[in-house]
Structures are given as structure tokens and as C-alpha cells.
């Protein structure tokens, strides 16, 4: 039991529902614009708060930029990353390095990823920094059938972390 329940953070940080699951609020969008090789312009960086509670998950998705996850408060969170070659990495975010938890992890641009509170977790409050900055035009929510076809060796995980 935490002195600050998830509802405290949702209210304090003005979090709202996210399309991939959980709750978020954007707290930073750089005013510096970058010219991207595809001919578009992007903010150099964006940052959000992101909270997942027990029973919730962030569905598999991918974006066109690297995403740095930071652990802030609560219980451990698992971030599942599927590399383009089909290898699976499980990043365990938390504040207990003696239990193989990390304060941060990096998801490579173009990799599929999803997240969920680790077993026994009530909630996890994290932050995500994207560079070049996040744009919904660069966001792709996974279709279960396509991901299952591409990565059949991870079918159980894909079924549990897609909608």
C-alpha cells in the first residue's frame, strides 16, 4: 500500500485515458523544430506522465522515434519490446536495482512494445520521453492478427497485450 494511491496521481497530474491503455498527460513539447528526412518537421522532444494500474495494460504499438521510459513511483512495470528480428526483451522498471529493476529503458524506433504492471503491482507511474517528438501520425496500434502472423513464437504475450 502506497501513501499516494493511483487516484492521487491521476488528479494531481491531470491524467486522462490513453488510446493504448492507462492514463497520461503531456507535460513537455519542445519549441525547437527539426527537419526530418521524410520531409516533415517534428518537435525535438516530447514528454508525458504515464500511469498503469493493476489489470490495465498498454497495448502493443510502435512509433517512429526512440522512446525513453523513466520510473517515478509505485510498483514495478514490465515493458515488452519486440525487436524487428523477433527477439523479445522485457524491461522491468522500478526502484529496486537489487531485484533487477531499472530506473529507465529505451525502446528503439520502429519496435513493437507494450507494458503492464508486474505481478503483484498495484500501479506504476512512469514518464516517457520521445525524440524526435511524438506525433500521432507516427503512432501505430498493433492489429492482433498481423502481430501473431509476424511473431508466432510470442503468441501468448501478443494475445494478452492486444485489443
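Between residue 7 and residue 108, the simple label model (points 7 Å from Cα in the Cβ direction) yields a spacing of 4.3 nm.
Over the chain, what is the relative contact order in percent, taking alpha-carbon pairs closer than 8 angstrom and at least six residues apart?
Here the relative contact order equals 27 percent.
From its DSSP helices (H runs of at least four residues, each -39,500 (n - 2.57)), the chain gives a residue-normalised ellipticity at 222 nm of -3000 deg cm²/dmol. Name the shape class, rounded, prolate or oblate, that the alpha-carbon gyration tensor gives for region 6-160, where a ≥ b ≥ c are the square roots of its eigenvalues, rounded holds for a/c under 1.5, and otherwise prolate holds if a/b is larger than b/c and oblate otherwise. Because a/c hits 1.5 or more and a/b fails to exceed b/c, region 6-160 counts as oblate.
Counted over all Cα-Cα pairs of region 90-163, pairs farther apart than 16 Å make up 61 percent.
What is the fewest-to-most order of 107, 63, 36 by other Cβ atoms lying within 10 Å of their Cβ? Show your work: numbers first, answer last.
Working: 107 23, 63 20, 36 14.
Going from sparsest to densest Cβ surroundings: 36, 63, 107.
Rg and Dmax, both from the Cα atoms of region 50-108 and both in Å, are 11.8, 33.
Every read-out reported here was derived from the displayed coordinates using simple, explicitly stated rules and does not represent laboratory data. For clarity, every value in this text was computed on a predicted model and none was experimentally measured. Glycine gets a Cβ as well: all are built from the backbone with ideal geometry, and neighbour counts include every protein chain shown.
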